[in-house]
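The values are calculated or read from the model by the stated rules, or taken from the named source; none is laboratory data. All figures in this text were calculated on a predicted structure; none of them were measured in a lab. Quick reminder, even Gly has a Cβ in these numbers, built from the backbone with ideal geometry, and neighbours come from all protein chains shown.
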Amino acid sequence: MKKFTIDNCRKGLSLLLVLTAFFFAEDAFAQRKKKDAKNAPAAAPAAAPAPRPQANRPGPKPYGEVITDKAKTKEGLFKVHEIDSKYFYEIPDSLLGREMLIVTTIAKTADGIGYGGERTNTLLVRWDKNMNDILLKVVSYSNTAADSLPIFTAVRASNLEPILQKFDIKAKAKDGNGVVIEVTDLFAKDVQAIGLPRNRREQFRVTRLDNERSYIDRISPYPINIEARYVMTYAATNPPSNSSTGLITLEMNSSMILLPKEPMMQRLSDRRVGWFSRSVVDFGLDEQKATRRTFLDRWRLEVKEEDYDKFRRGELVEPKKPIVFYIDPATPDRWRPYLKQGVEDWQKAFEEAGFKNAIIAMDPPSPEEDPDWSPEDARYSVIRYFASDIQNAYGPHVSDPRSGEIIESDIGWYHNVMNLLRNWFFIQTAAVNPEARGVKFREEVMGRLIRFVSAHEVGHTLGLPHNFASSHAYPVDSLRSATFTQEFGTAPSIMDYARFNYIAQPGDEGVSLMPDVGPYDKYSIMWGYKPILDAKTPEDEQPILNQWILERADDPVYRFGRQGNNYDPSTQSEDLGDDAMKASDYGIKNLKIILPNLMEWTAEEDKPFKDYADLNEMYGQVIGQYNRYMGHVRTNVGGVYEFYKSAGQGEEVYVHVDKAKQKRAVQFINKELFSTPTWLMDEKIISRTGDFGALERIRGVQVGTLNGILEWGRLGRMIENEALNGKDAYTMFELFDDLRAGIWTELSSGRTIDVHRRSLQRAHIERLELLLTGNEPNLPANFRAFAGPQINASQSDIRPMARGELKTLERQITAAIGRTSDRASRLHLEDALARIKKILDPK
């Protein structure tokens, strides 16, 4: 869950992959003060801009004429003055030239436009003075060089900063050390960077901002940030809701946060340890090319100077400033303790980094204790509770793009995430767990599930992405052991989508059913946060960081596997154990226990009047879980393991799944899925949940799995495997033969072909037609980097193989028609034959 999607766990998740090409700008390293100015040469001065004509423009007025007695003034980072619905910033000279982050989110939204709390943009900005103007500039760190180097001048000249907004100086500050500007238009007019994002404008065909229906709700200053709330109404020809109005109205929140004057020292990333990170192209390194420099997003946890000796002796010490999460006052009282426990479960991980009391969960002060406390204040990180039917939670963070220092985080927690947890826990554990047999769990059970998700989302805010290799680390049968799972949990990392223990079988008493902050989590927090006191630069740290990795390099418990790798069977979502076929077999056995009990377990004795909505939902969950098992198995076919290694380790990174395992995966799918899982067709459930669609549900799983096996990229990897490994590879010939033997079993015997099998066989023909005549989808250029290489279908072996397979089917179907006595089966075969003939000879 950086979105714990909890599948979007997306969105939320890689905050500040700042900024879009539109906002790339001058490198702001030029603004950093060198620690030893005496020994460093002066930075090359930028060319001074030509002065603008000022003759016809009035200069600043006296302070009292601008900030009148009518002003409502609030103190904070800047003084904010409100006069007749106009807003003024009084900016001290000391903050001109300082770098700040503007983080824009949708605070309240119309139906169909995301959700409240969704981040839309993040900008690094600076307020600069230019004669009688203040310029709000957008700064970029995408390209950089040390300002002491000659190349710095060229880097700066190639990164001119966009001006987001220009403001007239209305007056000097009251004390003479600053300026007053009016900022009303920044928030009340259409500034796209802090308004509705471009993709949403295109989607809803937005034509303009309606100024008459847009306004500033409030601007609230705090010591290190200023929060602006403004309502934006757009004219749109395709609004997602209330279409008759032709309007979209949403409330935006723009948070401007002051960054530290002295950036934290970076810690360079290593792909062998999963971490949210950011990159810059550093032209100043001693390399013969522009080199990408990547460093971690992490909180500034520092050892107090008086504790250095204790820390070096291995004693736990308290950090200068701990990480503190507050629980939203809107959170129901009964769930607050579990959210707090999810935060403080990470305490044991920080102990591995040498800190005690490093992360703390607290209730916010009451209005009587602190009337100025607000969850919008960037000094506070808050788990925000949303009264929403969205089934999600997410854990973003705001970090300094100069150093990766995490400034604050607001975890989003939606009320209906509890429904998602109920569904997972029910479907994956009810066969062995009486506590999961119902549609409403005891408070303690739901609380434990909330704690689990809370810990996952907190992990994202600490800098950890999903680690999808974790769930593959343990042997399948170890997950049936109470001794093993009580000590190690069900996966080494809570940051995987390992969910709950669907492998445990009835009789496995005392077995743990869910993951916890585990050994990989403790290791990764140690690797990212443990101070290396004698290091003066990020490069000084690298030998030690590398040694920490090598000490665990051969242990799968400490392996990182990235999310989104759809060809590696060891980095899958929602799987468990090191063998998908064995794990899925256990999982299916449990589903076969759950399904006949669904009617009883979804009924509520005190609600005899309720309908079958819960039964229908959980029946869908059974089929969905079964489909996941098929997906876990399918990935082994044409699969390639990705084991991150450094060049110094001298080991392979990409290894093809062995032939026997691939063949076993196809046999499993033939047996469990293509041989029609009639046990899923429970007549009692179907007759209570719908008038139509049960057959389609099964067909969808069968056809989806088949098409996923006969997918362009998978077949391309099989061709390459054969070219590289010869007879040791599972070839496309063998795959096609094995699929045909499983899908068309009736051809050799003349047996009746049931309705499920007839649909599957037609789907097989249609897929072969696509492989013969179609092409792999041509992805847009910006997606190709994520999708990886694409195969040239017309010049590959895929088309001749597909043609050969269709000809084989043509011969076998022709021979089978005469020995088929069932009328429906015979008509089906005659139709299949006609289809094949038309594909092979369209004329």
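Limited to region 496-514, what total is found for residues that are buried (at least 19 other Cβ atoms within 10 Å of the Cβ) and either closer than 15 Å to Pro556 by Cα or charged (D, E, K, R) (or both)? Write out each step before concluding.
Initial filter on region 496-514 (buried (at least 19 other Cβ atoms within 10 Å of the Cβ)): 496-504, 511-514.
From what's left, either closer than 15 Å to Pro556 by Cα or charged (D, E, K, R) (or both): 496, 499.
Number satisfying all stated conditions: 2.
Could you say whether any residue in region 295-309 is more than 30 Å from Glu551 (Cα to Cα), of a type in the set (Lys, Arg) and not in a strand (DSSP E or B)?
Checked region 295-309: no residue is more than 30 Å from Glu551 (Cα to Cα), of a type in the set (Lys, Arg) and not in a strand (DSSP E or B).
So which residues in region 101-119 are of a type in the set (Val, Ile, Thr) and at pLDDT below 85, if there are any at all?
If we filter region 101-119 for residues that are of a type in the set (Val, Ile, Thr), which is where we start, we get 102-106, 109, 113.
Hits for region 101-119 are Thr109, Ile113.
Within region 255-280, restricting attention to residues that are outside any loop (DSSP other than H, G, I, E, B) and β-branched (Val, Ile, Thr), which residue is farthest from Asp400 (Cα to Cα)? Can you show your working first?
Residues of region 255-280 outside any loop (DSSP other than H, G, I, E, B): 255-258, 268, 277-280.
Now narrow it down to the ones that are β-branched (Val, Ile, Thr): 257, 280.
Details: Ile257: 10, Val280: 13 Å.
The selected residue is Val280.
Of the residues Ser254, Ser269, Ser244, Ser277, which is closer than 21 Å to Leu124 by Cβ, small (Gly, Ala, Ser) and in the same structural domain as Pro92 (by TED's automatic domain parsing)? Don't jump to the end; show me each part of the working.
Values: Ser269 fails: in the same structural domain as Pro92 (by TED's automatic domain parsing); Ser244 fails: closer than 21 Å to Leu124 by Cβ; Ser277 fails: in the same structural domain as Pro92 (by TED's automatic domain parsing).
Within the list Ser254, Ser269, Ser244, Ser277, the selection yields Ser254.
I'd like the full set of residues that are under 22 Å from the mean Cα position of the chain (by Cα), of a type outside the set (A, V, I, L, M) and either in a loop (DSSP other than H, G, I, E, B) or not assigned by TED's automatic domain parsing to the domain that holds Ser478 (or both), limited to region 491-533.
If the condition is that a residue be under 22 Å from the mean Cα position of the chain (by Cα), of a type outside the set (A, V, I, L, M) and either in a loop (DSSP other than H, G, I, E, B) or not assigned by TED's automatic domain parsing to the domain that holds Ser478 (or both), then Pro492, Ser493, Asp496, Tyr497, Arg499, Phe500, Pro515, Asp516, Gly518 are the ones that fit.
Name, by its number, the condition in (1) within 26 Å of Pro519 (Cα to Cα); (2) crowded, with 23+ Cβ neighbours inside 10 Å; (3) of a type in the set (Phe, Trp, Tyr) that does not hold for Phe426.
(1)
Could you list, in sequence order, the residues of region 477-490 that are modelled with pLDDT of 95 or more and part of a loop (DSSP other than H, G, I, E, B)?
Ser481, Thr490
Answer yes or no: is there a residue in region 631-651 that is of a type in the set (Lys, Arg) and farther than 25 Å from Glu711 by Cα. Talk me through it step by step, then tell me what you get.
Restricting attention to region 631-651, the residues satisfying the condition of being of a type in the set (Lys, Arg) are 634, 645.
Still in the list and also farther than 25 Å from Glu711 by Cα: 645.
Yes, region 631-651 contains a residue that is of a type in the set (Lys, Arg) and farther than 25 Å from Glu711 by Cα.
Which residues, taken from region 701-732, are among the small types (Gly, Ala, Ser) and loosely packed, with under 14 Cβ neighbours inside 10 Å?
Of region 701-732, the ones among the small types (Gly, Ala, Ser) are 704, 708, 713, 716, 723, 726, 729.
Within region 701-732, Ala723, Gly726 qualify.
Looking at Leu123, is it at pLDDT 90 or above, assigned to a strand (DSSP E or B), closer than 27 Å to Leu250 by Cα and not basic (Lys, Arg)?
Numbers: at pLDDT 90 or above: yes; assigned to a strand (DSSP E or B): yes; closer than 27 Å to Leu250 by Cα: yes; not basic (Lys, Arg): yes.
Here the answer is yes, as Leu123 does meet what is asked.
Output the residues belonging to region 311-320 that are basic (Lys, Arg) and exposed (fewer than 12 other Cβ atoms within 10 Å of the Cβ).
Residues of region 311-320 basic (Lys, Arg): 312-313, 320.
Correct list: Arg313 only.
Considering only region 434-446, state which residues are surrounded by fewer than 18 Cβ atoms within 10 Å (Cβ to Cβ) and not hydrophobic (A, V, I, L, M, F, W, C). Let's see the steps before the verdict.
Pass one, region 434-446, residues surrounded by fewer than 18 Cβ atoms within 10 Å (Cβ to Cβ): 434-435, 437, 440, 442-445.
Residues satisfying the conditions are Pro434, Glu435, Arg437, Lys440, Arg442, Glu443, Glu444.
Out of curiosity, is Arg697 farther than 23 Å from Ala802 by Cβ and part of a helix (DSSP H, G or I)?
Considered against the rule, which asks whether it is farther than 23 Å from Ala802 by Cβ and part of a helix (DSSP H, G or I), Arg697 comes out as yes.
Can you confirm whether Ile383 is within 19 Å of Val417 (Cβ to Cβ) and of a type in the set (A, V, I, L, M)? Please lay out each step first, then the result.
Numbers: within 19 Å of Val417 (Cβ to Cβ): yes; of a type in the set (A, V, I, L, M): yes.
In short, yes.
This table checks each residue for (1) modelled with pLDDT under 90; (2) closer than 26 Å to Leu101 by Cα; (3) among the basic types (Lys, Arg); (4) in contact with a strand residue (DSSP E or B) (Cβ under 7 Å, 6 or more places away or on another chain).
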{"residue": "Lys348", "(1), (2), (3), (4)": "no, no, yes, no"}
{"residue": "Glu352", "(1), (2), (3), (4)": "no, no, no, no"}
{"residue": "Asp372", "(1), (2), (3), (4)": "yes, yes, no, no"}
{"residue": "Ala378", "(1), (2), (3), (4)": "yes, yes, no, yes"}
{"residue": "Val398", "(1), (2), (3), (4)": "yes, yes, no, yes"}
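Hey, can you tell me all the residues within region 637-675 that are more than 31 Å from the chain's Cα centre (by Cα) and on the phi > 0 side of the Ramachandran plot?
Across region 637-675, the qualifying residue is only Gly650.
Scan region 323-337 and tell me whether some residue there is farther than 27 Å from Ile224 by Cβ, in the same structural domain as Leu533 (by TED's automatic domain parsing), out of contact with any Leu (no Cβ under 7 Å at 6 or more places or on another chain) and crowded, with 17+ Cβ neighbours inside 10 Å. So that I can check it myself, show each step before the final result.
Taking region 323-337 first, the residues farther than 27 Å from Ile224 by Cβ are 332-335, 337.
If we keep only those that are in the same structural domain as Leu533 (by TED's automatic domain parsing) too, we end up with 332-335, 337.
Then drop every residue that is not out of contact with any Leu (no Cβ under 7 Å at 6 or more places or on another chain), which leaves 332-335, 337.
Next, from what is left, pick out any that are crowded, with 17+ Cβ neighbours inside 10 Å: 335.
Yes, there is a match, as at least one residue in region 323-337 is farther than 27 Å from Ile224 by Cβ, in the same structural domain as Leu533 (by TED's automatic domain parsing), out of contact with any Leu (no Cβ under 7 Å at 6 or more places or on another chain) and crowded, with 17+ Cβ neighbours inside 10 Å.
Look at Tyr474 and say whether it is assigned by TED's automatic domain parsing to the domain that holds Asp568 and outside any loop (DSSP other than H, G, I, E, B). Before you say what the answer is, go through the steps one by one.
Numbers: assigned by TED's automatic domain parsing to the domain that holds Asp568: yes; outside any loop (DSSP other than H, G, I, E, B): no.
Answer is no for this residue.
Inspect all residues belonging to region 442-453 and state whether any of them is part of a loop (DSSP other than H, G, I, E, B) and under 30 Å from Ser381 (Cα atoms). Spell out the reasoning first.
Residues of region 442-453 part of a loop (DSSP other than H, G, I, E, B): 442.
This time we only want the ones that are under 30 Å from Ser381 (Cα atoms), so: 442.
Yes: region 442-453 contains one or more residues that are part of a loop (DSSP other than H, G, I, E, B) and under 30 Å from Ser381 (Cα atoms).
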